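A.B. asks: Below is the structure I would like to discuss, written out as structure tokens.
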Amino acid sequence: MLKKKIKQIAIIGSTASGKSQLAIDIAKEFNAIILSLDSLSVYKEIDIASAKPTIKERDDIPHYGIDILLPNTPFDVTIFMRLYKEVYEVALVDGKNLIIVGGTSFYLKSLIDGISPIPKLSKENQKEIDLEMRDVDSVYKKLYDIDREYMQNISNSDRYRVEKALSIYISTNTPPSIYFKNNPPKATIIGELPIYSILTQRDILRRRIENRTKIMIEMGLIDEVSYLEKKYNRSPNSMKSIGIKETLEYFDGKYDIDMLKEKIVINTVRLAKRQNTFNSSQFKDIISLELDELKGKILEDIK
């Protein structure tokens, strides 16, 4: 019998905090499938650098949001919004619950708050945009004069957001700030979504990051990045991710293997700090506990 609604929870936390394994453990008790919200695990062939759970580690729990795009395929949060709706329907049909888990909490925030619909572009619009974007600085100055309110929050080096603002202006003949006021965002999440956050002491988290980095290199991170560079070159955004960009610098002779490990650790620790800051400032009414306590709390709540 088709369920009318499902139960769902979200598990967030910094990189290397133990989210993936916790989600799998809970899924076994929760009759759940898992939707990964991770900006790197979404790519096929980026397996070691993304630290995505292996097929064996997934332990027969269905995972979605993993291995769905090639590394040179552009994507944005709208892909995860569409994916969430599809996975929600799968859970309904299969009589399952849903666990959303990932370190890219911006995507979760977007699912909860929604984003404004972006107008479709005609072929003529796209040609005009492509032509103007040959000079990003000029586009930025033009848009800043038109809509200072919106553009003052965007860096002139942020090509993606500058092009998005230009697309809105050209396709609607409306300043972006006015467009977004007239087209407010709508939430994608269906129903209630309790959010649980893993707290990890800094020294423990650093040790986990150091150990994970060591394992990644032992598993063949260098060979994986070499393969990716040969197949996709260095231009895709995915090739600028932590673990990949440092390995490319290692190829360039900027440092030796020991320094490679240290650079990955340092940058991952910085990422974890940014993730924790985002999570604590952007989500309300979340339950934050250390890993073992959080597991017990979730299991208690889902009964």
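A.B. asks: Over segment 145-227, one equal point on each Cα, no solvent: what is log10 I(q)/I(0) by the Debye formula at q = 0.16, 0.21, 0.22, 0.27 Å⁻¹?
C.D. replies: The computed values of log10 I(q)/I(0) come out as -0.82, -0.92, -0.97, -1.28.
A.B. asks: Residues with amide H under 5 Å of residue 35's amide H, sequence separation 5 or more or different chain, H placed in the peptide plane at 1.01 Å from N; which?
C.D. replies: Placed amide hydrogens put 64, 99, 100, 101 under 5 Å from residue 35.
A.B. asks: Could you give each residue of segment 93-106 its phi-based ³J(HN,Hα) in whole Hz, using Karplus coefficients 6.51, -1.76, 1.60 with θ = phi - 60°, and x for Gly or Pro?
C.D. replies: Whole-Hz 3J(HN,Hα) from phi for segment 93-106: 5, 8, x, 10, 9, 9, 10, 9, 9, x, x, 8, 5, 4.
A.B. asks: Check which residues have an amide H placed less than 5 Å from residue 115's amide H, if you skip close sequence neighbours.
C.D. replies: Close amide H contacts, sequence-distant or interchain: 186.
A.B. asks: Right, another one. Shape call for the chain from the C-alpha gyration tensor, a ≥ b ≥ c root eigenvalues: rounded (a/c under 1.5), prolate (a/b greater than b/c) or oblate?
C.D. replies: Working: a/c = 1.80, a/b = 1.19, b/c = 1.52.
Oblate shape, in that a/c is at least 1.5 and b/c is the bigger or equal ratio.
A.B. asks: Any chance you could get the radius of gyration and Dmax over the Cα atoms of segment 123-182, in Å?
C.D. replies: 10.5, 29
A.B. asks: How would you classify segment 217-303 from its alpha-carbon gyration tensor, with a ≥ b ≥ c the square roots of the eigenvalues: rounded for a/c under 1.5, else prolate if a/b is greater than b/c, otherwise oblate? Don't skip to the answer; put the middle values down first.
C.D. replies: Numbers: a/c = 2.49, a/b = 2.43, b/c = 1.02.
The shape class here is prolate.
A.B. asks: Classify segment 1-140 from the C-alpha gyration tensor, please: rounded if a/c falls under 1.5, else prolate or oblate depending on whether a/b exceeds b/c. Working shown, then result.
C.D. replies: Numbers: a/c = 2.46, a/b = 1.73, b/c = 1.42.
Prolate, since a/c reaches 1.5 and a/b exceeds b/c.
A.B. asks: Would you mind pulling out the separation of the Cα centroids of segment 109-168 and segment 193-223, in Å?
C.D. replies: 35
A.B. asks: Highest GNM mean-square fluctuation, the chain, Cα pairs closer than 10 Å: which of 92, 22, 121?
C.D. replies: 121
A.B. asks: Over 11 Å, how big is the tail of the calculated P(r) for segment 164-204, in percent of all Cα pairs? Numbers along the way, then the final one.
C.D. replies: Working: 619 of 820 pairs.
Considering segment 164-204, 75 percent of its Cα-Cα pairs are separated by more than 11 Å.
A.B. asks: For a quick check: sort 265, 136 by the number of other beta carbons within 10 angstrom, fewest at the front.
C.D. replies: Ranked by crowding around the Cβ, least crowded first: 136, 265.
A.B. asks: Around residue 255, under 12 Å between beta carbons, what's the net of Lys plus Arg minus Asp minus Glu among the other residues?
C.D. replies: Residues near residue 255 contribute -3 overall.
A.B. asks: Okay, next question. Which residue fluctuates the most in the chain, going by a Gaussian network model with Cα springs under 10 Å, if the choices are 166, 69, 111?
C.D. replies: Evaluated over the chain, the most mobile residue of the options is 166.
A.B. asks: Can I ask one more? What would the Debye equation give as log₁₀ I(q)/I(0) for segment 1-83 at q = 0.15, 0.22 Å⁻¹, counting only Cα atoms as equal point scatterers?
C.D. replies: -0.59, -1.18
A.B. asks: I need the phi-derived Karplus couplings for segment 185-198: 6.51 cos²θ - 1.76 cosθ + 1.60, θ = phi - 60°, integer Hz, Gly and Pro marked x.
C.D. replies: Taking θ as phi minus 60°, the curve returns x, 10, 5, 9, 4, 9, x, 7, 9, x, 10, 10, 10, 7 Hz for segment 185-198.
A.B. asks: Here's a follow-up. Given the chain, what percent of its DSSP beta bridges are antiparallel, to the nearest 5? Before the final figure, lay out each step's value.
C.D. replies: Values: 1 of 20 bridges.
Roughly 5 percent of the beta bridges in the chain run antiparallel, per DSSP.
A.B. asks: Among 288, 167, 280, which one shows the highest mean-square fluctuation when the chain is modelled as a Gaussian network with alpha-carbon springs under 10 Å?
C.D. replies: Comparing 288, 167, 280 in the GNM, the peak value goes to 167.
A.B. asks: Round to a whole angstrom and tell me the spacing of the C-alpha centers of segment 1-46 and segment 54-86.
C.D. replies: The distance from the Cα centre of segment 1-46 to that of segment 54-86 comes to 11 Å.
No value in this document is a laboratory result; all are computed from the given coordinates. Remember, it's a predicted structure, so these values are computed and weren't measured experimentally. Cβ: placed from backbone, ideal geometry, glycine included. Neighbour counts: every protein chain shown.
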